[in-house]
Structure formats: structure tokens, C-alpha cells
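**Student:** Input: one structure, supplied below.
Bear in mind these aren't lab numbers, they're just calculated from the coordinates by the rules spelled out. Just so we're clear, the structure is a prediction, and the values are computed from it rather than from any experiment. FYI the Cβ positions are ideal-geometry reconstructions off the backbone, even for glycines, and counts take in every protein chain you see.
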Amino acid sequence: MQDELSAILEYVDQVQELDLGAVVPTTHAIPLENVFRDDVPKPSVPAELALREAPEVLAGGFAVPRMG
Amino acid sequence: MALTDLTAEQAIAAIGAGQISATDLVTAHLARAERDDWHSFLAIDSEGALARAREIDAMPERPPLAGVPIAIKDALSTRDLPTTAGSKILEGFRPIYTATCVARLEQAGAVVIGKTNMDEFAMGSSCENSAFGPSLNPWDATRVPGGSSGGSASAVAARQVPWSLGSDTGGSIRQPAALCGIVGLKPTYGAVSRYGLIAFASSLDQVGPFARTVRDAALLLQRMVGRDPMDATSLDWPEPIALPNAERLDGVRVGVIEELMGEGIEPGVRAACQAALEHVRALGGTLVPIELPHAHYGLATYYLIAPAECSANLARFDGIRYGHRSADAENLLEHYERTRGEGFGAEVKRRIMLGTFALSAGYYDAYYGQAQRVRTLIIEDFAEAFRQVDVVASPTSPSVAFPLGERTDDPLSMYLSDVCTIPVSLAGLPSISIPCGLSDGLPVGLQLAAPAFGENRLLSVAHALEAAIGFRDRPAGFGE
């Protein structure tokens with residue numbers, strides 16, 4: 001894995017050879033303004049359904065191992 | 001003609017004329033899907049599909065897609081139907097909702113018969129990164145179908161369904177379409193809602209159709225495009241997708257991407273593409289050589305941007321709300337490490353690490369930031385090209401379908417499979433691969449790309465060329 005990652009990094013390093021000081025970076029290929037919607041309450045996923053796929057459920061919630 | 005040889009368009013007409021029922025059609029395709037010699041499928045829903053087909057047959061007025069069966073890439077969520085994205089970490093997972101694009105097709109009368117195999121989380125170009133074993137190429141079962149949407153491509157080529165859905169981040173629809181001798185379309189970034197698509201690289205991911213004709217691909221796209229309140233990146237679509245009819249290309253200027261017709265492209269692939277492009281002239285269009293001076297930075301740019309985005313997107317697989325959970329972890333950190341260590345395959349781990357590195361303090365500007373700037377140059381290259389031409393053309397894949405195992409030990413050689421498709425992806429452009437001939441008995445794909453929102457023009461050119469090329473070959477043992 002280590003060798004593979006090194007080879008990939010060596011390859012992607014070629015982006016460094018361009019002098020791109022003035023070029024604006026692209027975050028989104030198709031220009032898009034912020035998208036807003038009205039903040040209207042509406043029904044959400046029922047708790048039982050939201051928990052359906054959880055590997056472990058505890059007292060109506062997702063069970064999480066202790067922190068430390 | 002066997003029911004499984006019908007195009008979707010023919011099937012819809014035959015159902016409309018009362019010659020066949022949706023139930024007949026679904027039954028015939030299910031039989032081929034269940035005897036899955038190519039391992040196209042990860043899940044098949046025979047019962048649900050047949051029930052839906054009967055329901056459609058009983059309707060006084062049939063919906064537009066009339067009960068034609070479809071297969072869905074396993075990266076798209078389907079309510080109650082197993083959805084794994086080709087990963088052990090999601091084995092057994094059943095989504096609680098259906099992706100918008102799938103729901104729209106079901107609403108229009110398509111019948112989902114199953115979920116198709118793929119490279120884990122769409123990371124790969126051969127389907128060999130599937131945690132459940134690769135799909136096989138119907139043209140030669142010792143070769144890969146391409147990827148990442150390998151099962152969606154093999155299912156259509158093997159006539160297990162007339163059409164299917166895939167997702168394309170750097171070529172994952174177009175490249176397998178090329179390797180399997182079928183049509184694959186990646187729409188403009190944002191054309192199709194991604195609500196319910198398991199995210200890989202969010203600035204690139206797009207859903208699109210596989211089919212055996214350009215018109216069938218258009219039929220599916222027609223029903224999927226347009227804004228979805230559940231995906232803020234989905235776009236209002238300016239005009240309906242039309243079914244292409246064009247026979248001529250009078251006045252159409254096709255730009256041939258010089259950088260993608262030379263070194264690194266197999267001679268047989270180049271020859272097939274050149275021969276196909278000669279039809280442009282015969283149909284009244286012109287061929288214009290064009291240059292994309294930064295195209296050769298595309299691959300490096302992509303392999304910084306896509307891993308960076310995936311490293312963030314895949315953080316959600318934590319073994320708490322769904323999916324695999326490692327047993328008996330002592331604490332939360334150990335739980336994360338073991339769950340993700342056990343659940344993810346090698347390529348996914350490689351990309352998460354690469355992406356995390358590219359985003360880390362001290363390297364961000366040199367890698368991710370720099371890649372985003374190169375991306376701007378590639379977008380400008382295409383914009384310049386489209387001042388001279390209407391569409392651009394190149395091979396879809398530098399090679400025909402390669403043998404299983406050939407590139408699995410060398411990630412970089414696998415990445416090179418997408419060298420022709422990645423620049424188009426970075427620019428967010430609509431692009432299609434159509435079969436254009438054979439090289440050593442294996443199909444070759446021609447890639448066409450248009451400016452953003454240019455789907456109708458793209459489909460029209462692809463349709464005219466498809467007819468002129470007249471690709472009729474089939475995998476051995478597939479009739480005619």
C-alpha cells in the first residue's frame with residue numbers, strides 16, 4: 001500500500017509544474033447560485049424506520065461504544 | 001425475435017399494440033438475469049418486478065415506459081431492496097427511501113428487476129473492486145466489463161435488461177459502455193438528481209443511462225432530468241429531452257481531440273474511431289482537429305479532487321446508523337478503526353488516505369487547491385474548443401476490454417483506463433459513448449461531448465452517427 005501511494009503521489013505531483021497564481025480554482029463545474037427553500041416544518045422519517053438498519057439499537061437510539 | 005432482443009422502444013410499441021404484455025417481457029428478462037453467467041447482478045427482485053408488471057398490464061391506460069424492465073446500479077438507493085455500492089460495509093443494507101431518478105422512472109412505468117454489480121463505491125474501472133467479485137464481459141468472459149458501473153453494462157450487453165442506470169464520476173458509465181459494445185450517457189453535471197445516489201465525489205458524480213440504442217438512452221434521460229428539491233445541485237432543465245431523429249449532420253462541426261488520438265491509444269481503437277468519424281463527412285458535417293492543451297493534466301487533477309471529496313463523503317460509514325459493525329470494540333475509536341478496516345476494500349482505503357493527505361494542512365494548496373486551478377484550465381480549454389466546433393470526439397477508452405487481473409496490481413495502470421473520459425467529467429459536460437466497431441473482436445467506443453445543457457445536440461449527432469456506423473455485432477452466442 002505504501003509503495004502504491006508513493007507512486008500515485010509521484011504521478012499527481014505533475015500538477016505542481018504549472019504556475020497558476022492568477023487562476024481561480026473551480027469548486028463547481030456548472031455555475032450555480034445558492035439554493036434556498038422556505039423553512040417549513042414537514043413530517044420526517046419515523047424513528048422506528050430510521051433505526052431499522054442500525055446494527056445496534058439502545059433505548060430508542062443508535063447504540064455507540066463508550067468514548068474512552 | 002426473442003423478447004430479450006427488443007430495444008426498449010420496440011418493447012413499448014409492442015406492448016402498446018397488444019402484441020406482448022409487460023409480464024411477458026419482465027419474465028423473459030428475469031430468466032436471463034437469474035441465470036446470471038456474467039455476475040451482472042447483486043440482487044434480483046423477481047417477486048416485486050412481476051407484481052409491478054402485472055399491475056401495469058391491468059392499467060386501463062399504460063404509463064409511458066409501459067412496464068419495460070430496468071436494472072439499477074447498486075450505488076442508487078432502492079427502498080427495501082438491498083443496496084451495497086459493491087461494499088462489505090453495506091452488506092445487507094436496505095435503504096428506507098428510493099433515489100429520485102429511480103422513483104421518476106418507476107413512476108413512468110419502468111420495472112426495476114434488480115441491482116447491478118460495481119466497483120466498491122464506484123472506485124475502479126474494471127468492476128474488479130467489487131467486494132462480491134467482478135462482473136464478466138459478455139463478449140469474452142475472461143475480460144472485464146469495465147467499471148465502475150460494470151454490472152449495469154454487462155446486463156444490457158447480455159440482454160438481461162434492455163437498459164439500466166449507472167453513475168459516472170470519471171468515466172464510470174462511458175468506459176464500461178465502450179468495453180461492452182453498448183451506449184452509455186453521462187448527462188451534464190446537475191441534470192439528474194443525485195438524491196439517493198451513494199456519494200463518491202460530489203463535484204463530479206452524475207447518474208445516467210445505459211442502453212443498446214441512442215434513442216433508448218434518450219427515452220430514459222427524458223424522464224430523469226430536472227430539478228429535485230432534495231438535491232440542491234440539481235438544475236432546472238431548459239428544454240425537454242427530445243427523441244433524436246437526425247439522419248444528416250449538415251453544418252455540424254465535430255472537433256477531434258488531437259491529444260486523445262495519439263500516444264497511449266491502442267492502434268485498433270484509434271482506427272475504429274477514425275473510421276467512424278469519416279461518417280461525419282459523409283453525412284454532411286465537418287471534422288476539425290482541436291487541441292485541449294491541459295487535457296493531459298486531467299488524470300492527475302482527478303486523482304486529487306476525487307479522493308479528496310471521497311475522503312469526506314465516506315466518513316458517514318461508521319457502523320452506527322447502518323451497515324457493518326465490528327463486534328466487541330472496547331471504545332469508540334477502536335469501533336471506527338475496526339469497522340472501517342474490515343468493511344472497506346483496498347482501493348477505497350487507498351483513496352481515502354490519498355484524499356485525506358491532499359486535504360491536510362500544509363499540503364492543501366499544493367494538491368487540492370492546485371488541482372482545482374488546473375480544473376479551471378481544463379474547463380477553459382473546452383470552452384475554447386466549443387467556440388470552433390459543436391461537439392468534440394475521441395475514443396472513450398484507450399483500450400478494448402482487458403483481461404481480468406491485468407491491472408489489479410498496479411493502481412496507476414487502472415487509473416489510465418479513464419484518461420479519455422476524465423477531462424470531460426472535470427468540465428461537467430454531457431457525453432456519450434456509442435459502439436463504433438471492433439478491434440480484435442472486441443467492441444470499441446466513440447466518445448462525443450457537447451457544451452453543458454447540450455444533450456439534445458449530443459443525442460442528435462450520436463443518433464445520426466450510430467445509424468451510419470451500423471454497429472450490428474453481438475457477443476458470440478447471442479443470436480444473429
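**Student:** At q = 0.13, 0.23, 0.25 Å⁻¹, what base-10 log of I(q)/I(0) does the Debye formula yield for region B:299-371 when every alpha carbon is treated as an equal point scatterer in vacuo?
**Tutor:** -0.43, -0.95, -1.03
**Student:** If amide H atoms are built 1.01 Å from N in the plane of the peptide, which residues on other chains or at least 5 residues away come under 5 Å of the amide H of B:Arg143?
**Tutor:** Sorted by chain and number, the residues that satisfy this are B:Asn137, B:Leu404.
**Student:** Which aspartates and glutamates, on any chain, are close to B:Lys73 with Cα under 18 Å apart, when same-chain ones fewer than 8 places away are left out?
**Tutor:** Those aspartates and glutamates meeting the cut-off are B:Glu34, B:Asp36, B:Asp37, B:Asp45, B:Glu91, B:Glu106, B:Asp119, B:Glu120, B:Glu128, B:Asp168, B:Asp205, B:Asp216.
**Student:** GluC sites (Glu not before Pro), restricted to region B:172-262: which are DSSP loop and have at most 16 other Cβ atoms within 10 Å? Don't skip to the answer; put the middle values down first.
**Tutor:** Details: sites: B:Glu247, B:Glu258, B:Glu259; in loops: B:Glu247.
When the GluC sites (Glu not before Pro) of region B:172-262 are filtered for loop state and at most 16 Cβ neighbours within 10 Å, B:Glu247 remain.
**Student:** Something else about it: What is the antiparallel percent of DSSP beta bridges lying wholly in chain B, to the nearest 5? All intermediate terms of the calculation are to be shown ahead of the outcome.
**Tutor:** Numbers: 32 of 47 bridges.
Counting only bridges with both partners in chain B, antiparallel ones make up about 70 percent.
**Student:** Restricting to region B:3-247, what percent of DSSP beta bridges are antiparallel, rounded to 5? Intermediate values should be presented prior to the final figure.
**Tutor:** Details: 16 of 23 bridges.
Counting DSSP beta bridges with both partners in region B:3-247, the antiparallel share is about 70 percent.
**Student:** Continuing with the same structure: With a cap of 11 neighbouring Cβ atoms within 10 Å, and only residues DSSP puts in a loop, list the trypsin sites (Lys or Arg not before Pro) found in region A:25-68.
**Tutor:** Numbers: sites: A:Arg37, A:Arg52, A:Arg66; in loops: A:Arg37, A:Arg52, A:Arg66.
Sites meeting the loop and neighbour criteria: A:Arg37, A:Arg66.
**Student:** Please tell me the relative contact order of chain B in percent, rounded to the nearest whole number, where contacts are Cα pairs under 8 Å and at least six residues apart. Let's see the in-between values first.
**Tutor:** Values: 1189 pairs, mean separation 82.1, N = 480.
It rounds to 17 percent for chain B.
**Student:** Any chance you could list P(r) for chain B, counting all Cα-Cα pairs in 10 angstrom bins from zero, rounded to whole %?
**Tutor:** 5, 22, 33, 27, 11, 3, 0, 0
**Student:** What average number of partner chain Cβ atoms lie no more than 10 Å from the Cβ of the residues making up A:1-14? Kindly include the intermediate steps, with their values, before the conclusion.
**Tutor:** Details: counts 5, 1, 0, 8, 6, 0, 3, 11, 7, 1, 7, 15, 5, 6.
So the per-residue partner count for this stretch is 5.
**Student:** With a 10 Å radius around each residue's Cβ, average the other Cβ atoms per peptide and rank A:55-64, B:227-236, B:92-101, highest first. Walk me through the numbers on the way to the answer.
**Tutor:** Numbers: A:55-64: 11.8, B:227-236: 16.6, B:92-101: 20.1.
Highest mean packing first, the order is B:92-101, B:227-236, A:55-64.
**Student:** Return the subset of B:Lys115/B:Lys349; B:Lys88/B:Lys349; B:Lys88/B:Lys115 for which the Cα-Cα distance in this structure is over 18 Å, preserving the input order. Let's see the in-between values first.
**Tutor:** Working: B:Lys115/B:Lys349 24 Å; B:Lys88/B:Lys349 13 Å; B:Lys88/B:Lys115 15 Å.
Correct reply: B:Lys115/B:Lys349.
**Student:** Averaged over A:61-68, how many beta carbons belonging to a partner chain fall within 10 Å of each residue's beta carbon?
**Tutor:** 5
**Student:** Is it possible to state the helix-based mean residue ellipticity at 222 nm for chain B, with each DSSP H run of 4+ residues giving -39500 (n - 2.57), the sum divided by total residues, to the nearest 500 deg cm²/dmol? What is it? Before the final figure, lay out each step's value.
**Tutor:** Working: 15 runs with 170 residues, N = 480.
The per-residue figure over chain B is -11000 deg cm²/dmol.
**Student:** Cα gyration tensor of region B:408-473, axes a ≥ b ≥ c as square roots of the eigenvalues: rounded (a/c below 1.5), prolate (a/b > b/c) or oblate?
**Tutor:** oblate
**Student:** Mind grabbing the base-10 log of I(q)/I(0) for region B:327-480 at q = 0.10, 0.11, 0.13, 0.21 Å⁻¹? Debye formula, identical points on the C-alpha positions, no solvent, two decimal places.
**Tutor:** Each listed q maps to, in turn, -0.59, -0.68, -0.87, -1.31.
**Student:** If you take each beta carbon of peptide A:18-26 and count the beta carbons of other chains within 10 angstrom, what is the mean? Present the calculation step by step, with values, prior to reporting the outcome.
**Tutor:** Working: counts 6, 1, 8, 1, 1, 8, 3, 10, 16.
Neighbouring Cβ atoms belonging to other protein chains average 6 per residue here.
**Student:** I would also like to ask the following. How would you rank B:20-31, B:135-146, B:315-326, highest first, on the average number of other Cβ atoms within 10 Å across their residues? Can you show the working numbers first?
**Tutor:** On the way: B:20-31: 21.3, B:135-146: 25.7, B:315-326: 19.1.
Sorting B:20-31, B:135-146, B:315-326 by mean packing, highest first, produces B:135-146, B:20-31, B:315-326.
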